Amino acid sequence: MAVAFAFHIRKGGNECEIALVGDISEHTRLDEVVSMLLRDGGPGKQITLDCGELRRLNSFGCRSWTQFLQEIGKHTKRVAIRRLTPTLVQQANMVTDFLGSAVVESYYAPYVCSRCDAEHLYLARGRQLPEELDCPGCRLRTMRFDGDASLYQTFLLSAPGDGRLRVLLVDDEGFSRSMFRLGLRTRFEIDVVEGYQQAVDAIRQREYDVVVSDYRMPGQHGGDLLGVAMRWLPSSLRILLTAFPPEDLEQLQQAGVIHAVMHKPASPAEVEARVREEIDRRGLGRARGDAPVRT
Ligand SMILES: [Zn+2]
């Protein structure tokens, strides 16, 4: 039975989030979403579509959907999709252009317990999926991806920005910021900000794969910031950039707040190399700390 379609628009700063609910068919008025969006000043720099509650698109719905993506793409710089469900992932794998030029920020990956058959949807970012997850019933690491992960991830191959890590870099020195922005913008999808508060705002708005922070900043220090990153983006890689290792470094590392330390001054090339090395070593999206070393 079809579930009525509904949508909710939430605007904040330069981002606009549209939560989509229910089924999309030939009767769904997606054009109403667009006209609503264009009322009061337009969508801003980014539109994020939250698809977590979107149930199904029938074949006519698919057509209106791709047209809808094209249409909203005309009114903003970036369209992102969040919480793509398994049903929609299957459709994205079969239907050409299902995702248009949208960037997939996160999608659900099905896991099943090998002992009790319990099922779980893991919210994944990027290609890395955890080998195993804790089963809530068995209380053991007995859940594995249900099916063939590389087939399931076919849709990521054609996605724009694929392979590009989303990096947030925080430094209070203007010169360093320009240097990192220029040196890394073709390597990563990078945002460079100057202080604690700007970084916290950025973390609340985007899902970064990597957060690199200077230690000394006016107000709170880099350890505090990486602590916030750990809570909001638990699977992110967190690197501290510092001229002098802080006294509480060991504690911060043991608590999983900091994965790696880089000594200042560091060049963009050095930061890039270190990020790639740590990502390769740990994998993204894994439970922090206990990721096995890949050989
Ligand atoms: Zn189980």
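A short reminder: the numbers here are calculations on the coordinates, not readings from a lab. Model, not experiment: these values are computed from the prediction. Positions of Cβ are backbone-derived with ideal geometry, glycine not excepted, and every protein chain shown enters the neighbour counts.
Using the 2.2 N^0.38 Å rule of thumb for compact globular proteins, work out how the chain stacks up: its C-alpha Rg over that value, please.
1.07
For the modelled label position 7 Å from the Cα of His8 along Cα-to-Cβ, which residues of the stretch 189-228 have backbone nitrogen atoms closer than 18 Å?
205
Using amide H atoms built 1.01 Å from N in the peptide plane, name the residues 5+ places from Lys264, or on other chains, whose amide H lies under 5 Å from its own.
Amide H neighbours of Lys264, under 5 Å, 5+ apart: Thr242, Ala243.
With 10 angstrom as the radius, rank Val3, Val193, Val79, Val261 by how many other C-beta atoms surround their C-beta, starting from the fewest.
So the ranking, lowest neighbour count to highest, is Val3, Val261, Val193, Val79.
Could you tell me the ratio Rg/Rh of the stretch 95-184? Both radii from Cα atoms, Rh via Kirkwood.
Across the stretch 95-184, the Cα-based Rg/Rh ratio is 1.14.
Once R0 is set to 30 Å, what does the formula 1/(1 + (r/R0)^6) return for the Cβ-Cβ distance between Ala273 and Ala149, expressed as a FRET efficiency to the nearest 0.05?
Approximately 0.60, to the nearest 0.05.
I'd like the Karplus ³J(HN,Hα) series for the stretch 64-74: coefficients 6.51, -1.76, 1.60, θ = phi - 60°, whole numbers in Hz, and an x wherever there's a Gly or Pro.
5, 5, 5, 5, 4, 4, 4, 5, 5, x, 6
Read phi for every residue in the stretch 124-137 and hand back ³J(HN,Hα) as whole Hz from Karplus 6.51 cos²θ - 1.76 cosθ + 1.60, θ = phi - 60°, with x for Gly and Pro.
Going residue by residue, I get 9, 10, x, 7, 5, 10, x, 4, 9, 10, 5, 7, x, x Hz, with x marking Gly and Pro.
When the chain is modelled as a GNM with alpha-carbon springs shorter than 10 Å, which of Leu182, Leu88, Leu237 fluctuates the most?
Leu182
Fewest to most neighbouring Cβ within 10 Å: what's the order for Leu156, Leu123?
Leu123, Leu156
Name the long-range amide H neighbours of Ile190: under 5 Å, sequence gap of 5 or more, or other chain; modelled H, no Pro or chain starts.
Sorted by chain and number, the residues that satisfy this are Val167.
Report the charge-dipole magnitude of the chain in Debye, nearest 20, computed about the Cα centre from +1 at each Lys and Arg Cβ and -1 at each Asp and Glu Cβ.
300
Find, to one decimal place in angstroms, the Kirkwood hydrodynamic radius of the stretch 1-132, where the mean of 1/r is taken over every pair of different Cα atoms and then inverted.
Here the Kirkwood hydrodynamic radius works out to 15.5 Å.
What nm value, rounded to one decimal, do you get for the distance between Trp232 and Asn58 when each label is placed 7 Å out toward the C-beta?
So the label points at Trp232 and Asn58 sit 4.1 nm apart.
What distance in nm lies between label points placed 7 Å from Cα along the C-beta direction at Phe175 and Gln90?
So the label points at Phe175 and Gln90 sit 5.8 nm apart.
Tell me which residues come under 5 Å, amide H to amide H, from Leu57 once H is placed; ignore anything under 5 positions away on its chain.
So Leu57 has HN proximity to Ile24.
Stretch Met1-Arg141 to full length: gain in nm at 0.36 nm per residue minus the Cα-Cα span? Don't skip to the answer; put the middle values down first.
Working: separation 140, 0.36 × 140 = 50.40 nm, distance 3.63 nm.
Full extension from Met1 to Arg141 adds 46.8 nm.
Between His27 and Asp224, what is 0.36 nm times their sequence separation minus the Cα-Cα distance? Round to one decimal in nm.
Using 0.36 nm per residue and subtracting the Cα-Cα distance, I get 66.0 nm.
Computed over the Cα atoms of the stretch 166-282, what is the ratio Rg over Rh, Rh following Kirkwood?
Values: Rg = 12.6 Å, Rh = 13.8 Å.
Answer for the stretch 166-282: 0.91.
Add -39500 (n - 2.57) for each DSSP H run of 4 or more in the chain, then divide by its residues: what number comes out at 222 nm, to the nearest 500 deg cm²/dmol?
On the way: 10 runs with 95 residues, N = 295.
One gets -9500 deg cm²/dmol as the mean residue ellipticity at 222 nm.
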